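Working notes for the structure below.
The values are calculated or read from the model by the stated rules, or taken from the named source; none is laboratory data. The model shown is predicted, which means the values in this text are computed figures rather than measured ones. Note: ideal-geometry Cβ built from the backbone for every residue, glycine included; neighbour counts use all protein chains shown.
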Amino acid sequence: MADFKVPNLCGASPEFNAIQTKFESMMTSATDGLEVDASALKATLDTDVTSLVADLKAMIPELPALPNVNLQAQLTSLSGLSIGSGQHNTLLADIATKFDSALTASGFSLDTLVSDAASALSGGGNLCEAVPNFEVPAAGGAAVEKAIGVLQPALDSVKEEISVQLANVDFTAAKTAVEATFTSYEEIGEEVPAEDIGPYRVAEETTKVAVSDNQGSVTTIEATTPKNSVGASTTVTTATTTKTETIKTSGGEVTERKRSNVSPVGSNGFTSRIRRIKEYILIDDVSGSGDMEFTLKNTPTSIGTVYGFDPNAESGTKVGRWRYISKPGQSAARRDKSDSYTLDGQTITVTSHVRDYDTDPKSGYMFRVKYKCLDNYDPNFAGPI
């Protein structure tokens, strides 16, 4: 080793020279401390020794790590040796010593695996699929089965093509049929027709029906009953379609009755279809000054309430409010406090001897009426014919 006291010598080791320098420093400290207290000298030398030991450990290289013993790798090496040769027998015995007990416990046979490995390697197969991935730690110990290593792709991945959405034939046909149905409604318009057209079938008969106003007065109106809406029966030999009622007889024949869904002109509607209406009346639709009259859009079967707007009625600090108008036949005490109305068909007459009615500035209406009437269309039998 080169003299550490000579600087910049070729082949000199700075690390080893530093250790020599540290050791010489310790010798000098020990010689100089012969006359001092022993405890003080020990403290000085402890520090130097600790530093020297750390430098010596830093110079020692790390021991190389040994790889784990892998069963797949061992069987690959075994397959390259001649069966029955000394090397083959030695390696096979070593494999049995390290792996046989673990393989048996896991349900594998070493002899079978040796044969499968040789077949896979000679036939161009995949050894990883034929032999489980058992390993023994390099330091020794029991063999442990691990997951098969993930293979790396040797080719580019397959390009994914953009999917093509195909039309649903059944859905398209159903959508077209629905659109055609709505188109037939639009062509007819909002008014209920007076003759059979599209999804509408007009009844041919009506019945006189007595309607009471709950005050002792009875009015007779023309209405379409369920019996009127069912036409005369005909005998057919096949099943029926929309807007029909079918009755099978014991002889196997089928009785078909057409069902109407529109009340005819002159009828006030279907008795089975009760509508609740809230109708607002403008001042332009009211006639008269003392007794005021206005006509409803439908013929009522019963009147719920009638209100009129009184601009002079006071409620706290508010002036102008809707006032209740009594039904016919009110008591004398009631007549002194409120007006009353009478009904004739669709016409309501308000006797205004108590209040003066005018337009509500907020809503723009003068009267409002809640009543029930018959609907002239039965949607339970709607649909294209």
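Right, Asn89: in contact with a Phe, Trp or Tyr (Cβ under 8 Å, 6 or more places away or on another chain), modelled with pLDDT of 90 or more and surrounded by 11 or more Cβ atoms within 10 Å (Cβ to Cβ) or not?
Details: in contact with a Phe, Trp or Tyr (Cβ under 8 Å, 6 or more places away or on another chain): no; modelled with pLDDT of 90 or more: yes; surrounded by 11 or more Cβ atoms within 10 Å (Cβ to Cβ): yes.
Taking the combined requirement at face value, the residue does not satisfy it.
Please state which one of Thr255, Thr301 is crowded, with 19+ Cβ neighbours inside 10 Å, outside any loop (DSSP other than H, G, I, E, B), at pLDDT below 90 and β-branched (Val, Ile, Thr). Explain how you work it out, then say what you get.
Values: Thr255 fails: crowded, with 19+ Cβ neighbours inside 10 Å.
Residue meeting the stated conditions: Thr301.
Does region 351-369 hold any residues that are in contact with a strand residue (DSSP E or B) (Cβ under 6 Å, 6 or more places away or on another chain) and over 11 Å from Ser338 (Cβ atoms), and which are they?
Within region 351-369, Tyr357, Asp358, Asp360, Tyr365, Met366, Phe367, Arg368, Val369 meet the criteria.
Could you please let me know if Gly107 is surrounded by fewer than 13 Cβ atoms within 10 Å (Cβ to Cβ) and at pLDDT below 90?
Values: surrounded by fewer than 13 Cβ atoms within 10 Å (Cβ to Cβ): yes; at pLDDT below 90: no.
So Gly107 fails the test.
Any chance region 329-343 includes a residue that's touching a residue at least 40 places away in the same chain (Cβ under 8 Å) and buried (at least 19 other Cβ atoms within 10 Å of the Cβ)? Full working, then the answer.
Looking only at region 329-343, we keep the residues that are touching a residue at least 40 places away in the same chain (Cβ under 8 Å), and these are 329, 343.
Add one more test, that the residue is buried (at least 19 other Cβ atoms within 10 Å of the Cβ), and what stays is 343.
There is at least one residue in region 329-343 that is touching a residue at least 40 places away in the same chain (Cβ under 8 Å) and buried (at least 19 other Cβ atoms within 10 Å of the Cβ).
In region 140-183, what residues are at pLDDT 85 or above, among the β-branched types (Val, Ile, Thr) and assigned to a helix (DSSP H, G or I)?
Across region 140-183, the qualifying residues are Val169, Thr172, Thr176.
With respect to Pro137, is the statement that it is outside the structural domain of Ser101 (by TED's automatic domain parsing) and either of a type outside the set (S, T, N, Q) or surrounded by fewer than 10 Cβ atoms within 10 Å (Cβ to Cβ) (or both) true? Give the derivation first.
On the way: outside the structural domain of Ser101 (by TED's automatic domain parsing): no; either of a type outside the set (S, T, N, Q) or surrounded by fewer than 10 Cβ atoms within 10 Å (Cβ to Cβ) (or both): yes.
So Pro137 fails the test.
Would you tally the residues in region 331-357 being under 19 Å from Ile281 (Cα atoms) and modelled with pLDDT of 85 or more? Can you show your working first?
First, pick out the residues of region 331-357 that are under 19 Å from Ile281 (Cα atoms): 339-352, 355-357.
Then keep just the ones that are modelled with pLDDT of 85 or more; that gives 339-351, 355-357.
The total comes to 16.
Condition (residue is modelled with pLDDT under 90, in a loop (DSSP other than H, G, I, E, B) and exposed (fewer than 10 other Cβ atoms within 10 Å of the Cβ)) applied to region 17-39: is it met by at least one residue? If you could, list the steps in order and put the result at the bottom.
Going residue by residue through region 17-39, those that are modelled with pLDDT under 90 are 17-39.
Imposing the further condition that a residue be in a loop (DSSP other than H, G, I, E, B) reduces the set to 36-37.
Subsequent filtering for residues that are exposed (fewer than 10 other Cβ atoms within 10 Å of the Cβ) retains 37.
Within region 17-39, one or more residues are modelled with pLDDT under 90, in a loop (DSSP other than H, G, I, E, B) and exposed (fewer than 10 other Cβ atoms within 10 Å of the Cβ).
In region 264-283, how many are surrounded by 13 or more Cβ atoms within 10 Å (Cβ to Cβ) and assigned to a strand (DSSP E or B)?
Count: 7.
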